[in-house]
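Read the structure below first, then the notes.
The values are calculated or read from the model by the stated rules, or taken from the named source; none is laboratory data. Note that this is a predicted model, so its numbers are computed, not measured. Positions of Cβ are generated from backbone atoms using ideal geometry, with glycine treated the same way; all protein chains shown enter the neighbour counts. Accessible surface areas use protein heavy atoms only, side chains included; no ligands, DNA or RNA. Shrake-Rupley method; radii C 1.70, N 1.55, O 1.52, S 1.80 Å.
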Amino acid sequence: MPAEQNPPNPLEPRSIGSVGRSAQVTLLLTASVGLVAMVPCFGIFNWLVAPLSLVPVIIGLVGLLIPDSKEYPGPLLAGIVGGMAILCLSLARLMLGGGLI
Amino acid sequence: MEVLAVLLVLLSAACVMGGLVFSVLPGIPGPPFSAISPLLALFGLQAGGFPVSTPLWITAAIFACLGALVTVADLLAPLAGKLLGGTSRGAVIGSYYGLGLAMLFSLHLGGVSGAGSLITLGLSLVVGAGISVALMIMGPLLGGFVGELASRPVPKKNGMVPYGMGPMVKHAARAGIAQFLGLLLTTTTKFLYGAGSALLCTGLVAWALYQGWA
């Protein structure tokens, strides 16, 4: 007998909530500042980018861990994945530039 | 008159460089620069008193028309991605962010590994190049994935909303791959067109100089 599948839930919220919007905006801001900080000789900005990239990660984690949340989880997951990627890049860039250049 | 000729040929060379650079960098389209560079070179040669025959003008004009087609195709590429792969604007923006971050990081990595190769006898250069290539692939791919994930919910299927992380991640991964392949295709086409423009400019100038001196 085939395993019974859950029917799609039409009541599942499709809109992005306030927590998701916060993760979206902070991720975009971090990526924009990160882009500037990657320019040669602007490496010192990575001291700002590294802690800033933790903000979408924390918002995403908090949003995902809220029980019975009706939030659409896409932007929260994007905040975690994107924030971690930018954090890794900025730390590597800090090491390459000696924290200054 | 000769000053004008030199200026036009130099402007043509600058356009060739601009076409090659902006074919990779997002923001400014590169093909228009590549398209006008052979025409500028021919105008410069004509201003300098070199004989420029009609077939050369026709070749440059055909190349410019081809450039217009490449530009239109480049502008329509995101729309095609939207229609074919179901990617959103967020995926497009995300992949450009990913590409920009990867490119700028690779630029710095290239400098550091180049300097380090003096000590490591070229080994760091090979490692740096490998990391750069991996980053250039992973950047737009991950950027498209994150952008699609962040931008909008999974589209409805049979009037119902699929729920859970599985369909969401699957949809975003598909959009990220589609966006990456689209970006790869358009960037390669633009870069090849720019390289063709550089070759054509060199050939046209060499041919006109040969005709003038022969």
Pairs only if they're at least six apart or on different chains, beta carbon under 7 angstrom, first in region B:1-21 and farther than 10 Å from residue B:48 by Cα, second surrounded by fewer than 13 Cβ atoms within 10 Å (Cβ to Cβ); list them, first residue then second. none
How many residues, within region B:1-34, are within 16 Å of residue B:202 (Cβ to Cβ) and either of a type in the set (A, V, I, L, M) or surrounded by fewer than 17 Cβ atoms within 10 Å (Cβ to Cβ) (or both)? 9
For residue B:80, work out the one condition from (1) within 14 Å of chain A (Cβ to nearest Cβ); (2) over 19 Å from residue B:149 (Cα atoms); (3) of a type in the set (Gly, Ala, Ser) it doesn't fulfil. (1)
Unmet requirement for residue A:74, which otherwise passes all of (1) of a type outside the set (Ser, Thr, Tyr); (2) more than 15 Å from residue B:150 (Cα to Cα); (3) open to solvent by less than 10 Å² (accessible area, probe 1.4 Å); (4) modelled with pLDDT under 90: (2)
In this structure, does residue A:19 turn out to be under 16 Å from the mean Cα position of the chain (by Cα), at pLDDT 85 or above and within 11 Å of chain B (Cβ to nearest Cβ)? no
Restricting attention to region B:170-208, which residues are among the basic types (Lys, Arg) and either surrounded by 21 or more Cβ atoms within 10 Å (Cβ to Cβ) or within 15 Å of residue B:22 (Cβ to Cβ) (or both)? B:190
Filter region A:53-68 for residues that are without any contact (Cβ under 8 Å) to a residue 40 or more places away in the chain and open to solvent by less than 50 Å² (accessible area, probe 1.4 Å) and give the result. A:53, A:56, A:57, A:60
Listed by first then second residue, the pairs whose first member lies in region A:30-49 and is on the phi > 0 side of the Ramachandran plot, whose partner is of a type outside the set (Lys, Arg), with beta carbons under 6 Å and at least 6 positions apart or on separate chains, are A:41/A:101
When region A:32-49 is examined, which residues are found to be within 15 Å of the chain's Cα centre (by Cα), open to solvent by less than 10 Å² (accessible area, probe 1.4 Å) and facing chain B (nearest Cβ under 9 Å)? A:34
Go through (1) more than 8 Å from chain A (Cβ to nearest Cβ); (2) in contact with a helix residue (DSSP H, G or I) (Cβ under 6 Å, 6 or more places away or on another chain); (3) under 16 Å from residue A:81 (Cα atoms); (4) at pLDDT below 90 for residue B:171 and report which single condition fails. (2)
Within region B:52-63, tally of residues that are at pLDDT 90 or above and crowded, with 18+ Cβ neighbours inside 10 Å: 2
Return the pair list, or none, for Cβ contacts closer than 6 Å from residues in region A:69-97 that are at the interface with chain B (Cβ under 7 Å from one of its Cβ atoms) and without any contact (Cβ under 8 Å) to a residue 40 or more places away in the chain to residues that are open to solvent by less than 30 Å² (accessible area, probe 1.4 Å) and polar (S, T, N, Q), at least 6 apart or on different chains. none
Could we say that residue B:105 is in contact with a Lys or Arg (Cβ under 8 Å, 6 or more places away or on another chain), in contact (Cβ under 8 Å) with a residue 24 or more places away in the chain, crowded, with 19+ Cβ neighbours inside 10 Å and of a type in the set (A, V, I, L, M, F, W, C) here? yes
Quick test for you: out of B:149, B:125, B:183, pick the one residue that is modelled with pLDDT under 85 and in a helix (DSSP H, G or I). B:183
Which of (1) closer than 25 Å to residue B:194 by Cα; (2) loosely packed, with under 14 Cβ neighbours inside 10 Å; (3) in contact (Cβ under 8 Å) with a residue 12 or more places away in the chain does residue B:49 not meet, given it meets every other one? (1)
